[in-house]
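Enquirer: Shown below is the structure under consideration.
The values are calculated or read from the model by the stated rules, or taken from the named source; none is laboratory data. Source: prediction; values computed, not measured. So basically every Cβ, Gly included, is an ideal-geometry build from the backbone, and we count neighbours across all protein chains shown. These accessible areas exclude ligands, DNA and RNA; they are computed on the full protein's heavy atoms, side chains included. Shrake-Rupley method; radii C 1.70, N 1.55, O 1.52, S 1.80 Å.
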Amino acid sequence: MTPTSASPLEPIVGSAAIVVCCGSGGVGKTSTAAALALRGAELGRRTCVLTIDPAKRLAQALGLDLLSNEPKPVSGKGLPTAGPGSLDATMLDMRRTFDGIIERYARDEEQAERILANRFYQRLSSTLAGTHEYMAMEKLYELHESGRYELLVVDTPPTRSALDFLDAPTHLNELLDARALRLLIGPAQRVGRTYMAGLNFATNTMARMIRRLTGSELLAEVGEFFAAFEGMYDGFKERAKRVYELLEHPGTAFVVVATPDQVALREAAYFAGRLASGRMPLGALVVNRVHRAAPVPEVPAEALERLQGDGADGRLLATLLEQHRALETLAATERRRIAGLAEAVPGASVVEVPLLADDVHDIPGLRRLGAHLFATA
Ligand SMILES: Nc1ncnc2c1ncn2[C@@H]1O[C@H](COP(=O)(O)OP(=O)(O)OP(=O)(O)O)[C@@H](O)[C@H]1O
Ligand SMILES: [Mg+2]
């Protein structure tokens with residue numbers, strides 16, 4: 001018999017200061033983040049989960065609504081009320097977080113107001129790819145600095161690629177680098193054909209975005225935005241640097257979530273590699289929604305045939321056995337793929353969570369998910 005060992009996630013939620021759940025779209029990041037946070041609270045830690053776009057029913061269960069940019073206690077059935085542990089939840093409001101940064105780094109109120117009222121800024125702060133990820137990190141940093149929590153569990157946005165999350169601060173900084181953009185802004189202040197021509201030749205992401213986003217009436221505001229932004233860039237850059245430092249800190253653990261399909265697993269392996277090369281600590285790999293098939297005795301083909309000709313009960317049994325065999329095949333394929341992942345990321349702990357019969361949309365659901373996340377192997 002193999003010795004039983006505790007789930008690698010147990011010590012993580014028991015001692016890490018920050019847990020970042022990442023992975024590709026739809027794999028279970030939000031559910032996992034909430035389940036990990038709940039466990040942290042149950043282990044007696046002052047915990048906050050920072051969610052991003054949780055499904056409506058889960059948001060309700062966590063007591064979140066659109067006005068939850070600030071953490072609020074999760075008050076639900078069976079949450080720890082006695083003892084030191086507590087669970088708060090917050091939902092990222094990208095726009096308000098971005099506004100907060102502008103207010104912080106602006107030279108004075110007037111500069112902040114000019115930027116906040118700028119229509120280009122308003123578009124930028126709610127639509128620019130990568131802004132969401134950047135704001136999640138920003139909010140994380142802010143909550144960490146506040147010292148209110150012992151454990152912060154961060155969900156990440158449903159990006160196409162989990163890597164977008166790590167790259168976001170760098171991207172955004174490049175985009176907002178006023179120095180690099182000066183060439184572009186110069187003509188913008190003249191607003192006209194020359195400017196558009198300049199944009200058409202420009203290859204950088206910001207230029208592409210400006211081209212896509214702005215109607216001609218907004219072009220003037222683009223120039224004004226960068227003029228107003230002047231001088232704030234260094235603050236942004238400094239801040240991003242500190243966020244990266246926080247992510248590299250040994251008190252941080254990344255939990256990479258995937259499903260047992262090829263694409264998600266490959267992405268998880270790639271992400272783990274990126275973490276390693278960036279010296280960011282990988283806590284564990286979670287493979288979620290794994291199909292399991294309880295073993296049933298092998299049924300010989302002739303027996304199946306006989307069953308099929310054996311009245312309604314026999315046919316039902318034959319159908320069930322056939323479906324079960326398909327499930328066994330799927331489960332075996334998934335086992336092979338997961339073993340491949342473990343090989344691709346040597347030394348990483350892999351935690352498997354089966355496909356549950358129901359969505360994870362309330363506190364009992366989080367506990368059911370948690371029972372698998374924290375099961376002893
Ligand atoms: N083990 C599981 N069994 C069954 N359903 C699950 C399981 N884990 C998560 N789910 C469900 O799968 C759906 C997606 O989960 P979740 O919202 O956590 O994914 P996500 O990675 O945060 O998605 P997105 O990238 O869109 O933010 C949800 O409806 C959730 O309830
Ligand atoms: Mg999500």
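Enquirer: Any idea of residue 296's accessible area? Nearest 10 Å², probe 1.4 Å.
Expert: Counting only protein heavy atoms, residue 296 exposes about 60 Å² to solvent.
Enquirer: Go through the stretch 323-332 residue by residue and turn each phi into a ³J(HN,Hα) via Karplus (6.51, -1.76, 1.60, θ = phi - 60°); whole Hz please, and just put x for glycine and proline.
Expert: Each residue of the stretch 323-332 in turn: 4, 5, 5, 4, 5, 4, 5, 4, 4, 5 Hz.
Enquirer: Starting from the Cα of residue 56, draw a straight line to each of the lysines and keep only those under 29 Å, dropping any in the same chain fewer than 8 residues away.
Expert: 29, 72, 77, 139
Enquirer: In addition: Taking amide H positions as placed in the peptide plane 1.01 Å from N, state which residues far from residue 44 in sequence (5 or more) or on other chains have amide H under 5 Å from it.
Expert: Under 5 Å from the amide H of residue 44: 85.
Enquirer: Would you please classify the overall shape of the stretch 1-146 from the alpha carbon gyration tensor, given that a ≥ b ≥ c denote the square roots of the eigenvalues, rounded means a/c under 1.5, and beyond that prolate means a/b larger than b/c while oblate covers the rest?
Expert: prolate
Enquirer: Given charges of +1 on the Cβ of Lys and Arg and -1 on the Cβ of Asp and Glu, with all other atoms neutral, how large is the dipole of the stretch 287-349 about its Cα centre, in debye to the nearest 20?
Expert: In debye, rounded to 20, the stretch 287-349 gives about 360.
Enquirer: So how do 343-352, 94-103 stack up, highest first, on mean other-Cβ count within 10 Å? Could you put the intermediate results ahead of the total?
Expert: Working: 343-352: 15.5, 94-103: 18.1.
So the peptides 343-352, 94-103, ranked by packing, come out 94-103, 343-352.
Enquirer: Quick check on the stretch 314-377: take the gyration tensor over C-alpha atoms, sort the square-rooted eigenvalues as a ≥ b ≥ c, and tell me if it's rounded (a/c under 1.5), prolate or oblate.
Expert: Because a/c hits 1.5 or more and a/b fails to exceed b/c, the stretch 314-377 counts as oblate.
Enquirer: Over the stretch 218-377, what percent of the accessible surface lies on carbon and sulfur atoms, probe 1.4 Å?
Expert: 55 percent
Enquirer: Give the accessible area for residue 261 in Å² (nearest 10); use a 1.4 Å probe, count only protein heavy atoms, and leave out ligands, DNA and RNA.
Expert: 70 Å²
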